[in-house]
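In what follows, a single structure is set out as structure tokens and then discussed.
The values are calculated or read from the model by the stated rules, or taken from the named source; none is laboratory data. Computed from a predicted structure; not experimentally measured. Don't worry about glycine lacking a Cβ; one is built from the backbone with ideal geometry, like all the others, and counts go over all protein chains shown. Accessible surface areas use protein heavy atoms only, side chains included; no ligands, DNA or RNA. Shrake-Rupley method; radii C 1.70, N 1.55, O 1.52, S 1.80 Å.
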Amino acid sequence: MEVTYTLDALTQLLINHDYLVVIDIEHICTSDGAIIPIDREIIEITAIAVPTKDLTFISEGNEFSSFVRPEKYPILSDFCVELTGISQSEVMTARNFSQVFTDFKKWLPRENSYIFSSWGSYDLIQINLDCTNHQLDEFIPSTVINLKKAFSKAQQVKPQVGLKRALAMSGIDIEGTQHRAIYDARNTVKLLPKIFRL
């Protein structure tokens, strides 16, 4: 479904859905870009199902979070470990993408009852790269919102800004460390009132 980024259109989307699912992923990376985008693998996925009636993150029961074991490039670069704070042991003891993503889809609210959202558009692209590499069907949520774009429209910010900058502009303290999916997702949830003007 094509989204129109006006306040009225976004408000109507909330009315028509039970949850806004905020997702964030982290993938393998190197300082020199030696791993081409098509070969990137997810190493952490977090999603939070936020009730649309008030956009309040109720409890950890509404949260899905897991490390993912990369298979093509199983050894994380020092750059990746430093950037994300994710250790080699954490990914080595994790399940692979197919296993984690199967559980993720089971965790999701029923189809058409939720809006898939992320800060920027890349998270869904990377999910589908992993789906392709693991011979899984393409993941196509019925409704997708780019929260970075929505924040820019709501706050009249040009050009679009990163999550850290958006939090600073909104006077919101950052929880945890940047480039950890679990914290980036939680911090994104804090910006929802600024996007939907609640």
In whole Hz, the Karplus estimates of ³J(HN,Hα) for segment 37-52 (6.51, -1.76, 1.60; θ = phi - 60°; x where Gly or Pro) are x, 5, 9, 5, 10, 5, 10, 7, 9, 10, 9, 10, 8, 9, x, 6
Put Val157, Val144 in order of accessible area, largest first, probe 1.4 Å, and you get Val144, Val157
Trypsin sites (Lys or Arg not before Pro) in segment 155-198 lying in a DSSP loop, each with at most 15 other Cβ atoms within 10 Å of its Cβ, come to Arg197
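Can you compute the charge dipole magnitude of the chain about its Cα centre, using +1 on each Lys and Arg Cβ and -1 on each Asp and Glu Cβ, nothing else charged? Give it in debye, rounded to the nearest 20. Could the numbers behind the result be given before it?
Numbers: 19 positive and 25 negative charges, 143 e Å.
About 680 debye.
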Rounded to whole Å², per residue accessible area for segment 1-90 with a 1.4 Å probe reads 50
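First compute the accessible area of segment 62-173 with a 1.4 Å probe, then give the percent of it belonging to carbon and sulfur atoms.
Working: 2950 of 5900 Å².
Exposed carbon and sulfur together represent 50 percent of the surface.
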In the chain, lysine pairs 8 or more places apart or on different chains with C-alpha atoms under 16 Å apart total 14
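At 222 nm, what helix-only mean residue ellipticity would the chain give, in deg cm²/dmol to the nearest 500, using -39500 (n - 2.57) for each DSSP H run of four or more?
On the way: 9 runs with 76 residues, N = 198.
For the chain, the value works out to -10500 deg cm²/dmol.
Rounded, prolate or oblate for segment 1-69? Axes are the square roots of the Cα gyration tensor eigenvalues, ordered a ≥ b ≥ c, and the cut-off for rounded is a/c under 1.5. Spell out each step's value before the answer.
On the way: a/c = 3.84, a/b = 1.74, b/c = 2.21.
Note, shape of segment 1-69 comes out oblate.
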By the C-alpha gyration tensor axes a ≥ b ≥ c (rounded if a/c is under 1.5, else prolate when a/b exceeds b/c, else oblate), the shape of segment 41-129 is prolate
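Out of segment 71-126, which trypsin sites (Lys or Arg not before Pro) are coil in DSSP terms and have no more than 16 other C-beta atoms within 10 Å? Walk me through the intermediate numbers first.
Numbers: sites: Lys72, Arg95, Lys105, Lys106, Arg110; in loops: Lys72, Arg95, Arg110.
The qualifying sites are Lys72, Arg95, Arg110.
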As a Kirkwood estimate from alpha-carbon pairs, the chain has a hydrodynamic radius in angstrom of 17.3
The ³J(HN,Hα) series, computed from each phi in segment 112-120 with the Karplus coefficients 6.51, -1.76 and 1.60 at θ = phi - 60°, rounded to the nearest Hz and given as x for glycine or proline, is 6, 9, 10, 9, 7, 9, 7, 7, x
Of the candidates Pro159, Ile35, Ser77, the farthest towards the positive dipole end of the chain (Lys/Arg Cβ +1, Asp/Glu Cβ -1, centred on the Cα centre) is Pro159
Normalised Cα Rg of segment 113-182, dividing by 2.2 N^0.38 Å with N its residue count, works out at 1.31
Correct response: the longest run of the chain lacking exposed GluC sites (Glu not before Pro), defined by DSSP loop and at most 11 other Cβ within 10 Å, is 3-110
For Gln160 and Asn16, extending 7 Å from Cα along the Cα-Cβ vector and measuring point to point gives, in nm, a value of 2.1
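Using a 1.4 angstrom probe with every protein chain in place, what is the largest-first accessible-area order of Tyr5, Tyr114, Tyr183?
On the way: Tyr5 40, Tyr114 5, Tyr183 65 Å².
Final ranking, largest accessible area leading: Tyr183, Tyr5, Tyr114.
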